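Asker: One structure coming up, written as structure tokens, with questions to follow.
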Amino acid sequence: MSLYDPKAEALISRYLKIYEDMTSKSRELFERAGRFIPGGVVYHIRFFHPYPIYVIKAKETYVWDVDGNKYEDYWMGHGTHILGHSPDFVIDKVYEVSRYGTHFGFENIYAIEYAELLTKIIPNCNMVKFTNSGTEANMYAIRLARTYTKRRYIVKIKGGWHGGLDQLHTGVSPPFIGPESAGLPEDLIKYTISISYNDLNELERVLKSYDVAAVIMEPVPGAGGCIEPIEGYLKGVRELVDRYGSLLIFDEVITGFRLSLGGAQEYFNVKADIITLGKIIGGGMPGAGALCGKEEIMSLLNHIKYPDPRNRSFHGGTFTGNPITIVAGFTLINYLNRNKEMYTSFNRMWSNIAKEMDKVCEEYNRLCWITNVGNMLGIHFTKSKPRNIEEAYYLRYSNKIYEAFHLYMRINKILYLSEKMPHLMPSMIHSENQAKRFVDVFKEFLYELKT
């Protein structure tokens, strides 16, 4: 048992009473949902103890639950809503287009316009294929990499999340080995190798030893706690991948259009061969994803150039490129393209907030550490600052602290996910006063934990 377990458990007991009093209708809905939906939630990550809230409205930086509670939201639709929930100009455009049809099942002009825009603003993106999610984008990306290189192995980062795709659903959580799901045979991941983030030596050993088609990685691991790449790491990855004849896939489902308009490639000045996108690319609408890259690679998806399906890399999807998602995405990204200067103040504000929070951690004898890249921020109750995702788990003082912290923020009308790995993905319209309030409530929690 950790030194902090008894204190954290006492806080949880006290906070639970407050939470249950303010969310009685959510508790009733959770009990009802459990009769029809396994686990009572449509996605397990949205569950938190003892039951989740059920949201009925979301606008700008807030969500409202069925009990009438109004929360400041730092989850923002899994990091989707870079300009806040339901921007009027996006909703208005979607409504306008939807009157002519929601899903044509044929090609549309909107996809052409959006693809043209994306090739202008994303580095190394000469051609684009739209998908229905970031998971799909990653599935097609690794298949494309294998087609191009004629190699078998895929290297991923331990703790890195690329969706529920079989081949990449390994090495996500402790102990970071084997399948992450029941029903997933070992054979389906036998060509997937997981390595530590920020470790170039381990990467080179793997590249030397296996016929690696591609290294797929989040430039900044999001669900892994927004771990910072050490200086020179990403450039080192690029150099090693080139040296050994593999491809580099940047999973920019989170970092795309967030760290900068051109994503992590622009932010770090490191180019990938294939880029996968999701979340923000859909402008807040479902079915959002894409992969893009150099024409030399992307042409292997061309059914005209390669009419025999066995000679090209497959891509498809019923709702792929549907006008609703495409128009929403184009409208939002085009706005960001016309207002690039917003990224400077956005990243500066949250970098300053991260420094302020880390100073608070120092004041409390390093009970915690803050990791931060631009506007992405991770909170770690660990013995030292984690350099990779394994350390973000294994160096913890207590898992109970994480549960108590999440509950404390909830009763103070602040939301983030996940309960097990606090990381913030704020919007550009979160105010400095809101951010400072988050710091104040964070500091209050540390005081309660320490006294």
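The values are calculated or read from the model by the stated rules, or taken from the named source; none is laboratory data. Note that this is a predicted model, so its numbers are computed, not measured. Every residue, glycine among them, receives a Cβ derived from its backbone with ideal geometry; neighbour counts consider all protein chains shown.
Asker: If GLU218 satisfies every condition in (1) over 23 Å from ILE297 (Cβ atoms); (2) crowded, with 16+ Cβ neighbours inside 10 Å; (3) within 21 Å of the chain's Cα centre (by Cα) but one, which is the exception?
Answerer: (1)
Asker: If I ask for residues that are in contact with a strand residue (DSSP E or B) (Cβ under 9 Å, 6 or more places away or on another chain) and part of a loop (DSSP other than H, G, I, E, B), which ones from the range 394-411 would you list?
Answerer: Matches in the range 394-411: LEU395, TYR397.
Asker: State which residue is modelled with the highest pLDDT when the search covers only the range 157-191 and only residues that are of a type in the set (Ser, Thr, Tyr) and surrounded by fewer than 20 Cβ atoms within 10 Å (Cβ to Cβ).
Answerer: Ranking the candidates gives TYR191 first.
Here's the yes/no breakdown for (1) of a type in the set (Ser, Thr, Tyr); (2) over 24 Å from TYR74 (Cβ atoms); (3) over 22 Å from the mean Cα position of the chain (by Cα); (4) at pLDDT below 95:
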{"site": "VAL241", "(1), (2), (3), (4)": "no, yes, yes, no"}
{"site": "LEU248", "(1), (2), (3), (4)": "no, yes, no, no"}
{"site": "GLY263", "(1), (2), (3), (4)": "no, no, no, no"}
{"site": "ILE324", "(1), (2), (3), (4)": "no, yes, yes, no"}
{"site": "ILE333", "(1), (2), (3), (4)": "no, no, no, no"}
{"site": "LYS340", "(1), (2), (3), (4)": "no, no, no, no"}
{"site": "ARG348", "(1), (2), (3), (4)": "no, no, no, no"}
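Asker: Further question: One residue is enough: does the range 97-106 have a residue meeting the conditions within 27 Å of the chain's Cα centre (by Cα), at negative phi and aromatic (Phe, Trp, Tyr)?
Answerer: No; the residues of the range 97-106 include none that is within 27 Å of the chain's Cα centre (by Cα), at negative phi and aromatic (Phe, Trp, Tyr).
Asker: I need the helices (runs of 4 or more DSSP H) fully contained in the range 23-128, keeping only those with at least 3 residues that are among the hydrophobic types (A, V, I, L, M, F, W, C) and crowded, with 16+ Cβ neighbours inside 10 Å.
Answerer: Result: 24-33, 88-98, 109-121.
Asker: Please work out if VAL373 is within 20 Å of ILE401 (Cα to Cα) and among the aliphatic types (A, V, I, L, M).
Answerer: Spelling it out, it is not the case that VAL373 is within 20 Å of ILE401 (Cα to Cα) and among the aliphatic types (A, V, I, L, M).
Asker: Here's something else I'd like to know. Which one of these is surrounded by fewer than 21 Cβ atoms within 10 Å (Cβ to Cβ) and over 28 Å from ASN69 (Cα atoms): SER431, SER398?
Answerer: After ruling out the rest, the residue left standing is SER398.
Asker: Suppose we filter HIS303, HIS315 for residues that are in a loop (DSSP other than H, G, I, E, B), free of Cβ contacts under 8 Å to residues at least 40 places away in the same chain and assigned by TED's automatic domain parsing to the domain that holds LYS129; which single one remains?
Answerer: It is HIS303.
Asker: Further question: Would you mind finding the one in TYR54, TYR71 that is among the aromatic types (Phe, Trp, Tyr), modelled with pLDDT of 95 or more, within 26 Å of PHE381 (Cβ to Cβ) and not assigned by TED's automatic domain parsing to the domain that holds TYR110?
Answerer: TYR71
Asker: Would you point out which residue out of GLY287, GLY329 is at positive phi and either among the aromatic types (Phe, Trp, Tyr) or in contact (Cβ under 8 Å) with a residue 40 or more places away in the chain (or both)? Show your work before the answer.
Answerer: Values: GLY329 fails: at positive phi.
The conditions single out GLY287.
Asker: Would you say ALA111 is small (Gly, Ala, Ser) and touching a Leu at 6+ places or on another chain (Cβ under 9 Å)?
Answerer: Judged against the criteria, ALA111 is not a match.
Asker: Follow-up question, since we're still on this one. Does ARG310 meet the test of being over 17 Å from LEU118 (Cα atoms), part of a helix (DSSP H, G or I) and in the same structural domain as ASN124 (by TED's automatic domain parsing)?
Answerer: So ARG310 fits the description; yes.
Asker: Within the range 125-145, which residues are in contact with a Phe, Trp or Tyr (Cβ under 9 Å, 6 or more places away or on another chain) and either free of Cβ contacts under 8 Å to residues at least 12 places away in the same chain or of a type outside the set (A, V, I, L, M, F, W, C) (or both)?
Answerer: Selection gives LYS129, THR131, ASN132, TYR140, ARG143.
Asker: Here is a follow-up. Given (1) crowded, with 21+ Cβ neighbours inside 10 Å; (2) in contact with a Pro (Cβ under 8 Å, 6 or more places away or on another chain), identify the lone condition not met by ILE154.
Answerer: Of (1) crowded, with 21+ Cβ neighbours inside 10 Å; (2) in contact with a Pro (Cβ under 8 Å, 6 or more places away or on another chain), only one is false for ILE154: (2).
Asker: Could you say which residue among VAL206, VAL212 is farther than 17 Å from HIS162 by Cβ, touching a strand residue (DSSP E or B) at 6+ places or on another chain (Cβ under 8 Å) and in contact (Cβ under 8 Å) with a residue 40 or more places away in the chain?
Answerer: Working: VAL212 fails: farther than 17 Å from HIS162 by Cβ.
When all the criteria are applied, what remains is VAL206.
Asker: Could you go through the range 342-361 and let me know if any residue there is surrounded by fewer than 20 Cβ atoms within 10 Å (Cβ to Cβ) and part of a loop (DSSP other than H, G, I, E, B).
Answerer: No, the range 342-361 has no match at all.
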